[in-house]
Structures are given as structure tokens and as C-alpha cells.
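Engineer: Have a look at the structure that comes next, please.
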Amino acid sequence: MTLRDYLLSQGVPDDEIGHAEAEGDEAVQLLAIDRVLVPGPSRYTQAEVVEKAGVDPEQARRLWRAMGFPDVPAEERAFSDADVEALSTLRQLIDQGVVDPDVALQLARVFGQSLARMADAEVDALRQRIEQPLREAGASEAEVAEAVTTVTTAMLPTIEGFVLYTWRRQLAAAARRSLFMGDSAAGQTLTVGFADLVGFTVLSQQVDDHDLAAIVDRFETAAYDTIAALGGRVVKMIGDEVMFVADDVAAGARIALSLAEVYGDDETLPDVRVGLARGPVLSREGDYFGATVNLASRIVNLAYAGTAVVSDEIHQALEEDPEFEWKAMRHRRLKGIGWTPLWVLRRPGEGSSAALPLEVVRRMQARRARRRAKAGEGEAEG
């Protein structure tokens, strides 16, 4: 089926298709994408859609911006009946007192940020799986567009079902945590950790974009696997850094040690350093804030590559636990926090405390030597 045939099957008028064809292949592709993902013609201006939905124009504008979309020119017919229905439903919920306007804006921000990232990931996957191989095989732009449209149309119901399933699962998990922790506005006690790749800035200047993307993907995959397997939750990925939380202090310590080990054993990735703290946090829009988060963020910058450094609260809670060993660090003055006692967290039997920095250096030197030898082999083969 050609794009023209597809558009005709979706009820797009022939003159609209002809107008897009006159503008070029890209305009036809964009028209097809709109019809696949946003059913129904774009027939309303912003003023018309808010009038039909019966909502306040400023409220609608704030909601649109909260979802992450730029303002639409007043004369542009960018909205469909689906937009009218969505706004009408929201207005009814607000009128009935089910949803507060400020809460609606908050949810719009969270949904917009999360779904924008998901959409970008889906588009990247389509490019890698469909567009790139077809272009390399010499397919025309029209053939590529037709293939992408066909695959997207076929996948859409499955993706929608998976998104709904994941959202329900996450909602149930969040509700259980809320019931267990109580009022999140009053604060809750969590173990908070940060792990970041050592030397990522230098590394990013030494490899091409494709290899850098593969490194980041591998970093994220290992982080999600390790943290979830040991009972923690990934809060967010921040480029070369991951923030995680755990309800149980021992689980947080296991995660910290395991992350250092997992990346240390992976010769395709740099080492990570981990910072860990425990205390009260504030929860908002899926993120955590407060002095404990700030402390963990400061601590990670003090850790050696391949090690985990923790706050005194972590040490006090687990000092008698035979699963862990400790090395006292000298007190550090942390910006905005003050003089802070810190500890290097280790597994039993990893050697004397005094030898730890030397062990870390030797391990890094050995890894560099293996990498140089491997690079030399590659050059010899070439």
C-alpha cells in the first residue's frame, strides 16, 4: 500500500493529499504520521477547540505547555476532535471536584516528560530497525516512509496495550509504597544513592557518537538490572549518572557494592563511583529532594573509582552486620552541609583498609593494560 492509498483509506481528502504531494515527500510523510498517531483531521484553531470543549483559554494554554508543547500560532488549525474530547473530559473532572486544576497541571508535566522520553526512544528504535537498513539498501524516501508507516500502524495497538499495562503496574506499586510510607508530604526515610561513570567527559571526546550511545545504553541497562534485582528503584538517569533509592538500608548497601563490581568487571565500560546516604526525603512527581539527597550527591564525588562511600547514618545502621566491612575516611567539609564523617563500604575479606586506594589504582592500571593490549591486537589484525 502506498502512502497515498493509506491516506485515502483513512478518509483524507484527495485535495489535501495533493497539496501535501505538491510540497514534497516530507509533507506526505508528515501527513501520514499525523493520521497514524493522531486520528482525525486537524480542523480547529486553539480558540475553536477551547470554545467547543468549554474550558478557559488560559487554563488550556497552561495545560498544553505543561505537557511540553510549544504555543501554536492562533490561526493554525492544529487540533482535532480528539483534543476537544480530552479537554471536555478534563473540564468535567475538574467541575465535579475529582481533579484539582493544579493537580491536573502537575500530572500533565509528569506525563509529558515521561511520555516524551518514551516517544523519542520509540522513534530511535524505528530508525535503527527500519529506516537505517532500508536507506543502506538504497530504498527511496517514499519506500522508507511507507515501511515506517506500515510498521507503526501494525505496532501501535501492541504499544498502547503495553503502556497501559506498565502504567497500571507502576500505579499499583506507587500506591503500595504510599500506604506503607504514609503521608509523603511529611517526608519518608530512604536510602539514596548516586553512581556515576568515572572519566565520562574525557571518554565522550575519544569515541564517535554511535559508540558513545552504546556505552550509555550499556550503562543504563546494567544500572536497571542491578538495582531492581537487589530491591531498589531507579529514580532517574542523568547522562552518565544514575540516582536510585531503596527502602531497606542493607539493600541500598548491597546495590552500592554491586554497582561498583558490575561496572568494574565490564571492560567495555569505565568504573563507577557510588555515594550513599540515608535519611528523610521529600517525594514529588516521581523524584526525591532534601538534605539526604544532597548529601548522597556530594558524597559520590569523593569516592574512588570502583568504590562506594557512605554516610555515617549508613555505617551506624550496618556497623554490626557481618555482610559489610568499613574503612573510615577523614572528615570532609561538604558544601552546604559542613564537616561530615564518611566511610568506604566494602565486602568482608577485601584486604586491609589501608591498602584499599592502592588496590583500586592497581586494578585500574591492569584494566588499562588489558585495553591497550586489546587495541594493539586490533591494529595488528587491521
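Engineer: Looking at (1) within 20 Å of Gly24 (Cβ to Cβ); (2) surrounded by 13 or more Cβ atoms within 10 Å (Cβ to Cβ), can you tell me which one Ser140 breaks?
Structural biologist: (2)
Engineer: Right, something else. Hey, which of the helices (runs of 4 or more DSSP H) in segment 1-95, taking only ones fully inside, have at least 3 residues that are within 33 Å of the chain's Cα centre (by Cα)?
Structural biologist: 25-37, 46-53, 57-66, 81-95
Engineer: I'd like the full set of residues that are outside any helix (DSSP H, G or I) and in contact (Cβ under 8 Å) with a residue 40 or more places away in the chain, limited to segment 194-215.
Structural biologist: Passing the criteria: Phe194, Ala195, Asp196, Leu197, Val198, Gly199.
For (1) over 22 Å from the mean Cα position of the chain (by Cα); (2) of a type in the set (A, V, I, L, M, F, W, C); (3) not assigned by TED's automatic domain parsing to the domain that holds Phe194, each residue gets a yes or a no:
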position: Thr226; (1), (2), (3): no, no, no
position: Arg273; (1), (2), (3): no, no, no
position: Glu285; (1), (2), (3): no, no, no
position: Val300; (1), (2), (3): no, yes, no
position: Ala308; (1), (2), (3): yes, yes, no
position: Ser311; (1), (2), (3): yes, no, no
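Engineer: Check Ala228, Ala246 and return the single one that is in contact with a strand residue (DSSP E or B) (Cβ under 8 Å, 6 or more places away or on another chain), surrounded by 15 or more Cβ atoms within 10 Å (Cβ to Cβ) and of a type outside the set (Phe, Trp, Tyr).
Structural biologist: Working: Ala228 fails: surrounded by 15 or more Cβ atoms within 10 Å (Cβ to Cβ).
That would be Ala246, the only listed residue that is in contact with a strand residue (DSSP E or B) (Cβ under 8 Å, 6 or more places away or on another chain), surrounded by 15 or more Cβ atoms within 10 Å (Cβ to Cβ) and of a type outside the set (Phe, Trp, Tyr).
Engineer: Does Ser204 satisfy the condition of being surrounded by 13 or more Cβ atoms within 10 Å (Cβ to Cβ), at pLDDT below 85 and assigned by TED's automatic domain parsing to the domain that holds Val344? Show your work before the answer.
Structural biologist: Working: surrounded by 13 or more Cβ atoms within 10 Å (Cβ to Cβ): yes; at pLDDT below 85: yes; assigned by TED's automatic domain parsing to the domain that holds Val344: yes.
Here the answer is yes, as Ser204 does meet what is asked.
Engineer: So if I check each of Val274, Val344, which one is out of contact with any Lys or Arg (no Cβ under 6 Å at 6 or more places or on another chain), β-branched (Val, Ile, Thr) and modelled with pLDDT of 90 or more? Walk me through it before giving the result.
Structural biologist: Numbers: Val344 fails: out of contact with any Lys or Arg (no Cβ under 6 Å at 6 or more places or on another chain).
Result of the check over Val274, Val344: Val274.
Engineer: For a quick check of your reading of the model, give me the residue pairs whose first member lies in segment 328-339 and is under 15 Å from Glu313 (Cβ atoms), whose second is of a type in the set (Gly, Ala, Ser), with beta-carbon atoms closer than 8 Å and at least 6 apart or on different chains.
Structural biologist: Ala328/Ser353; Ile337/Ala291
Engineer: If you don't mind, there's one more thing I want to ask. State whether one or more residues within segment 59-73 are farther than 24 Å from Gln106 by Cα, assigned by TED's automatic domain parsing to the domain that holds Ser114 and at pLDDT 85 or above.
Structural biologist: Applying the first criterion (farther than 24 Å from Gln106 by Cα) to segment 59-73 yields 73.
Then keep just the ones that are assigned by TED's automatic domain parsing to the domain that holds Ser114; that gives 73.
Retained after the next criterion (residues that are at pLDDT 85 or above): 73.
Within segment 59-73 (the criterion being farther than 24 Å from Gln106 by Cα, assigned by TED's automatic domain parsing to the domain that holds Ser114 and at pLDDT 85 or above), the answer is yes, since at least one residue qualifies.
Engineer: Can you pull out the residues in segment 231-243 that are crowded, with 17+ Cβ neighbours inside 10 Å and farther than 20 Å from Glu313 by Cβ?
Structural biologist: Passing the criteria: Asp240, Glu241, Val242.
Engineer: If you go through segment 84-117, how many residues are modelled with pLDDT of 90 or more and within 19 Å of Asp34 (Cα to Cα)?
Structural biologist: The qualifying residues number 2.
The values are calculated or read from the model by the stated rules, or taken from the named source; none is laboratory data. Computed from a predicted structure; not experimentally measured. Cβ atoms come from the backbone with ideal geometry, glycine included; neighbour counts cover every protein chain shown.
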